[in-house]
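Participant: Please see the structure below; I have some questions.
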Amino acid sequence: MPDIIVSEFMQPSAVDELRRDFDVLYDETLYRRLDELYALGRDARAICIRNETEIRGAFFDAFPNLKAVGRLGVGLDNIDVPACKERGIAVLPATGANEVSVAELAIAGLMMLVRGPAYFATPEVVAGRWPRGTLIGREVSGKTLGIVGFGRIGRHVARRAQGLDMTVTAADPFLPDDHPVWAQTGVTKVPFDRLWEESDAITLHLPFTPDTHAMVNAGVIARFKPGAILVNVARGGVVDEAALAAALRSGHVGGALLDVFATEPLPADNPFHGVPNLILTPHIGATTDEARIRTGHMIADNVRAVLTGTIPDTAII
């Protein structure tokens, strides 16, 4: 039976790295076959997962000797972290490995949406039409970006936005007013009320919790500046999707990029059919070649550390 199970995609070179010291079973579709996965768990000391494998409930009975969960990403929605702590299982997120990729997607989407329909004109131009008069957009320079959640990814977004000459504000109740990060980054801390009402664009960088569920709801969206842009590359469920779709149809929200959704994949009756000024991507914020390499090798190193008696600084235990 394997020492380590990898039940979702992991960078092959990182898998090979683990195989130098451990018996590794790698099957990136194993998460779809729970009976088979659970049957393999008796002797496994570590498992490496992305966001499909559920670490909760009956999983723990099937993996009695587990010491580490390597999370090939940073979201912990699919992991019962308190139950892992009770059992002495180290949870190892890939902290820092995908920050650049997520931040770049947020900024790219923001710039496309602020410029308006110009980026969606290819079919008309190919057809020989020349719709210049209908493609008037705006500049990001001089606009205010409000960042909700000023952690590591939010700070990457801030630095890139400042490079575009945007004014950047942020709301984060977990960072006190005198935290040095505000002076270090040149970002102004504001309360949520001001952020909703004063931002030309808003990006979300916060976890999904009971407190953040539907945080961006119809009432909050109504307070946005007319034409404001919304970007969510954080977690689905933070945004009331039906309320956002309605605001896009009415034109109150000028555009939105969503990379994450309350239900993934989207159900057939989702509210986004025919909605204008909308970019939807299938939870790919962290999916770049570079991020996959960094993530895979970070998790390989951290799993090896736990199995050889060292707890990494980024471990949750």
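Participant: Within segment 20-41, can one find any residue that is small (Gly, Ala, Ser) and in contact (Cβ under 8 Å) with a residue 40 or more places away in the chain?
Facilitator: The answer is no; no qualifying residue exists.
Participant: Related question: How many of the residues making up segment 97-140 are open to solvent by less than 30 Å² (accessible area, probe 1.4 Å), of a type in the set (Gly, Ala, Ser) and closer than 24 Å to Val233 by Cβ? Let's see the steps before the verdict.
Facilitator: From segment 97-140, those open to solvent by less than 30 Å² (accessible area, probe 1.4 Å) are 97-99, 101-103, 106-107, 109-110, 113-114, 116, 121, 131, 140; that's our starting set.
Filter once more, so that each one left must be of a type in the set (Gly, Ala, Ser): 97, 101, 103, 106, 109, 116, 121.
From what is left, the residues that are closer than 24 Å to Val233 by Cβ are 97, 101, 103, 106, 109, 116.
Adding up the residues that qualify gives 6.
Participant: Of the residues Asp200, Asp172, Asp178, which is open to solvent by 70 Å² or more (accessible area, probe 1.4 Å) and at pLDDT 95 or above?
Facilitator: Being open to solvent by 70 Å² or more (accessible area, probe 1.4 Å) and at pLDDT 95 or above holds for just one of Asp200, Asp172, Asp178, which is Asp178.
Participant: If I ask for residues that are over 16 Å from Gly219 (Cβ atoms) and in a loop (DSSP other than H, G, I, E, B), which ones from segment 237-252 would you list?
Facilitator: Gly237, Gly251
Participant: Do we find that Thr212 is among the polar types (S, T, N, Q) and outside any strand (DSSP E or B) in this structure?
Facilitator: Spelling it out, Thr212 is indeed among the polar types (S, T, N, Q) and outside any strand (DSSP E or B).
Participant: Now a separate question. Return the residue satisfying two criteria in turn: it lies in segment 1-13 and is open to solvent by 20 Å² or more (accessible area, probe 1.4 Å) and touching a Phe, Trp or Tyr at 6+ places or on another chain (Cβ under 9 Å), and of such residues it is farthest from Tyr38 (Cα to Cα). Walk me through how you get there before you give the answer.
Facilitator: Filtering segment 1-13 down to residues open to solvent by 20 Å² or more (accessible area, probe 1.4 Å) leaves 1, 3, 9, 11-13.
Narrowing further to those that are touching a Phe, Trp or Tyr at 6+ places or on another chain (Cβ under 9 Å): 3, 12.
Values: Asp3: 14, Pro12: 23 Å.
My answer is Pro12.
Participant: Within segment 175-220, which residues are touching a helix residue (DSSP H, G or I) at 6+ places or on another chain (Cβ under 6 Å) and of a type in the set (Phe, Trp, Tyr)?
Facilitator: The answer is Trp196, and nothing else.
Participant: Within segment 295-313, is even one residue modelled with pLDDT under 95 and either crowded, with 16+ Cβ neighbours inside 10 Å or not aliphatic (A, V, I, L, M) (or both)?
Facilitator: Checking segment 295-313: at least one residue is modelled with pLDDT under 95 and either crowded, with 16+ Cβ neighbours inside 10 Å or not aliphatic (A, V, I, L, M) (or both).
Participant: A follow-up question, please. Do you know which residues across segment 236-251 are within 20 Å of the chain's Cα centre (by Cα), surrounded by 21 or more Cβ atoms within 10 Å (Cβ to Cβ) and of a type outside the set (Asp, Glu)?
Facilitator: Passing the criteria: Val238, Val239, Leu244.
Participant: Determine whether Trp182 is under 30 Å from Gly96 (Cβ atoms), aromatic (Phe, Trp, Tyr) and over 22 Å from the mean Cα position of the chain (by Cα).
Facilitator: Numbers: under 30 Å from Gly96 (Cβ atoms): yes; aromatic (Phe, Trp, Tyr): yes; over 22 Å from the mean Cα position of the chain (by Cα): yes.
Considered against the rule, which asks whether it is under 30 Å from Gly96 (Cβ atoms), aromatic (Phe, Trp, Tyr) and over 22 Å from the mean Cα position of the chain (by Cα), Trp182 comes out as yes.
Participant: Which residue pairs have Cβ atoms under 6 Å apart, sit 6 or more places apart or on different chains, and have a first residue in segment 150-161 that is at negative phi and a second that is outside any helix (DSSP H, G or I) and polar (S, T, N, Q)?
Facilitator: Between residues of segment 150-161 that are at negative phi and residues that are outside any helix (DSSP H, G or I) and polar (S, T, N, Q), the close pairs are Val157/Thr203.
Participant: If you take the residues of segment 212-235 that are of a type in the set (D, E, K, R) and modelled with pLDDT of 95 or more, which of them is least open to solvent (accessible area, probe 1.4 Å)?
Facilitator: So, considering only residues that are of a type in the set (D, E, K, R) and modelled with pLDDT of 95 or more, the one least open to solvent (accessible area, probe 1.4 Å) is Lys225.
Participant: Considering (1) surrounded by 15 or more Cβ atoms within 10 Å (Cβ to Cβ); (2) assigned to a loop (DSSP other than H, G, I, E, B), say which one Ala256 fails and leave the rest.
Facilitator: Unmet condition: (2).
Participant: Restricting to segment 272-288, and then to whatever is within 18 Å of Asn51 (Cα to Cα) and of a type outside the set (A, V, I, L, M, F, W, C), can you tell me which residue is least open to solvent (accessible area, probe 1.4 Å)?
Facilitator: Gly285
Participant: Is it the case that segment 237-244 has a residue that's more than 23 Å from Glu104 (Cα to Cα) and small (Gly, Ala, Ser)?
Facilitator: Looking for residues that are more than 23 Å from Glu104 (Cα to Cα) and small (Gly, Ala, Ser), one finds at least one in segment 237-244, hence yes.
Participant: Regarding segment 141-156, can at least one residue be identified that is touching a helix residue (DSSP H, G or I) at 6+ places or on another chain (Cβ under 9 Å), open to solvent by 10 Å² or more (accessible area, probe 1.4 Å) and farther than 26 Å from Thr209 by Cβ?
Facilitator: Taking every residue of segment 141-156 in turn, at least one turns out to be touching a helix residue (DSSP H, G or I) at 6+ places or on another chain (Cβ under 9 Å), open to solvent by 10 Å² or more (accessible area, probe 1.4 Å) and farther than 26 Å from Thr209 by Cβ.
Participant: So which helices (runs of 4 or more DSSP H) stay within segment 39-119 end to end and still have 3 or more residues that are in contact with a helix residue (DSSP H, G or I) (Cβ under 6 Å, 6 or more places away or on another chain)?
Facilitator: Qualifying helices (runs of 4 or more DSSP H): 99-114.
Participant: Okay, moving on. Of all residues in segment 14-24, count the ones that are within 16 Å of Leu72 (Cβ to Cβ) and open to solvent by less than 50 Å² (accessible area, probe 1.4 Å). Walk me through how you get there before you give the answer.
Facilitator: So in segment 14-24, the residues within 16 Å of Leu72 (Cβ to Cβ) come out as 14-18, 24.
So of that shortlist, the ones also open to solvent by less than 50 Å² (accessible area, probe 1.4 Å) come out as 14-15, 17-18, 24.
Total satisfying the criteria: 5.
Participant: Can you tell me which condition Glu36 does not meet? The list is (1) at pLDDT below 95; (2) in contact with a helix residue (DSSP H, G or I) (Cβ under 8 Å, 6 or more places away or on another chain), and all the others hold.
Facilitator: (1)
The values are calculated or read from the model by the stated rules, or taken from the named source; none is laboratory data. Since the structure is predicted, the reported quantities are computational estimates derived from the model, not experimental observations. Because the Cβ atoms are built from the backbone with ideal geometry, glycine has one as well, and the counts that use them run over all protein chains shown. Protein only, heavy atoms only, side chains kept; ligands, DNA and RNA dropped before computing areas. Shrake-Rupley method; radii C 1.70, N 1.55, O 1.52, S 1.80 Å.
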